[in-house]
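S.K.: I have a structure I would like to understand better, so I am pasting it below and will then ask my questions one at a time.
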């Protein structure tokens, strides 16, 4: 038994944000039918492909993360017959999940008003760059632009005078996908209670603002921009990053009082705790650049792992800055089931991918099958809708499906 057994989701989406939400719904037991254009979701094969041994079958690792556990149906929704296929799918579904902009939903008769007569108990869920209302409701947006750029994430993480940093691939997409999962689950509950369609509106921009809430909330009141601070101008030397002798960096995060003396003793500098230049938080803030240089010199005398053992012995809060290959071998990630093994989509053994972060005690929320091949389930799904073999052949000849 999984939480969403018996729930059917029709997914008409592309790229990563909305598909990632549907993947989690599939992990939790929903039947997710992914409606793709005849050429497929444009993200197929687009991301970095893993380097594999010579002769190994290809594996689109990024696509697998966001599309595992689904069925794929290819439909040309710009044809009347294709749009009708999608509406017939939606008539039997619990959730319609899309990232089509409002004007495109209206063009194909897939907006909420058109679908109420098709399925009055539907959860109609749209994920866009900027939401369904307001002057930019029809504006396209990806996470790099709508989440990181306009959402204030990039500006807040740019050191003074530095080039704005590169946005991590699809980080805003996957964060917004989680918001969509929560919204769909709440909307399903409402449909259960009142028996009427629920319209879900989730955007990259809104999720970005929520993710920035701690820094955005004061700006709502005083309209002031947070002071950008590089490492030598931080508020606290104990909320910072430090280099070690092996070229590694560690992060320390000990806000509040009571940590300074313990930290100074841990790094072998007890006199620093009572130095009249640094014996008060205000003094440390005023002389932050000198203080950081002094701590840097000490930290550069040991490796990151050596400092880690010392800090752990003292009960200090720290973590290493890890690379992605190191995370793959992190025993904590392994112990908490953050990676799972699935059958290879081409029938060649197995491969590892990421589990979603949702954990419910004693409940299976892990993926079970890999992402589908393009259109792999078209005939199966249409047959269940009542299309005959001749109907399907006619649709294929007309170019409405492949």
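What follows draws every value from the coordinates through simple rules; no lab data is involved. Keep in mind that what you see is a predicted model, and the values were worked out from it rather than measured. Positions of Cβ are backbone-derived with ideal geometry, glycine not excepted, and every protein chain shown enters the neighbour counts.
S.K.: If r is the Cβ-Cβ distance from residue 199 to residue 312 and R0 is 51 Å, what FRET efficiency results, to the nearest 0.05?
M.R.: It comes to 0.55.
S.K.: Further question on the same structure: What is the calculated FRET efficiency for residue 92 to residue 241, with r their C-beta to C-beta distance and R₀ = 56 Å, to the nearest 0.05?
M.R.: For R0 = 56 Å, the calculated efficiency reads 0.60.
S.K.: Based on other C-beta atoms within 10 Å, arrange 225, 322, 70, 34 from fewest to most.
M.R.: Going from sparsest to densest Cβ surroundings: 225, 322, 70, 34.
S.K.: Normalised by the residues of the range 327-384, what does the relative contact order come to in percent, with Cα pairs under 8 Å and at least six apart?
M.R.: Numbers: 47 pairs, mean separation 15.4, N = 58.
For the range 327-384, the relative contact order is 27 percent.
S.K.: Quick one: order 233, 174 by neighbouring beta-carbon count within 10 Å, fewest to most.
M.R.: 233, 174
S.K.: Just the number: Rg to Rh for the chain, Cα atoms, Kirkwood Rh, two decimals. Please report the intermediate quantities before stating the final value.
M.R.: Working: Rg = 25.7 Å, Rh = 24.3 Å.
For the chain, the value is 1.06.
S.K.: Find the relative contact order for the chain and round it to a whole percent, using C-alpha pairs within less than 8 Å whose residues are 6+ positions apart. Let's see the in-between values first.
M.R.: Details: 678 pairs, mean separation 80.0, N = 402.
Relative contact order here is 20 percent.
S.K.: Rg to Rh for the range 124-261: what is it, with Cα atoms only and Rh by Kirkwood?
M.R.: Working: Rg = 19.3 Å, Rh = 17.8 Å.
Here the Rg-to-Rh quotient is 1.08.
S.K.: When the Cα centres of the range 296-334 and the range 94-151 are compared, how far apart do they sit, in Å?
M.R.: So the two Cα centres are separated by 44 Å.
S.K.: Please compute P(r) over all alpha-carbon pairs of the range 231-322, binned at 5 Å starting from zero, and give each bin as a whole-number percent.
M.R.: 3, 15, 26, 30, 18, 7, 1, 0
S.K.: Taking 8 Å as the Cα distance limit and 6 or more residues as the minimum spacing, I'd like the relative contact order of the range 231-322 as a percentage.
M.R.: On the way: 125 pairs, mean separation 37.4, N = 92.
41 percent.
S.K.: Now, a different point. What length, rounded to one decimal in nm, is gained on full extension from residue 301 through to residue 46, with 0.36 nm per residue of separation minus their alpha-carbon distance?
M.R.: Numbers: separation 255, 0.36 × 255 = 91.80 nm, distance 4.36 nm.
87.4 nm is the gain from fully extending residue 301 to residue 46.
S.K.: If a paramagnetic tag sat 7 Å from the Cα of residue 189 along the Cα-Cβ line, which residues of the range 119-135 would have the backbone N under 20 Å from that point?
M.R.: What the label zone holds, given the 20 Å backbone N cut-off, is 121-126.
S.K.: For each of 14, 245, count neighbouring Cβ atoms within 10 Å of the residue's Cβ, then give the residues from fewest to most.
M.R.: Neighbour counts put them in this order, fewest first: 245, 14.
S.K.: Modelling each spin label as a point 7 Å along the Cα-to-Cβ direction, I'd like the residue 114/residue 56 distance in nm, to one decimal.
M.R.: Going from the residue 114 label point to the residue 56 one covers 4.4 nm.
S.K.: Could you tell me, in Å, what Rg and Dmax come out for the Cα atoms of the range 83-134?
M.R.: In Å, with Rg to one decimal and Dmax whole: 10.5, 32.
S.K.: Would you calculate a helix-derived [θ] at 222 nm for the chain, using -39,500 (n - 2.57) for each DSSP H run of n ≥ 4 and dividing by the full residue count, to the nearest 500? List each step's numbers first, then the result.
M.R.: Numbers: 18 runs with 154 residues, N = 402.
That comes out to -10500 deg cm²/dmol.
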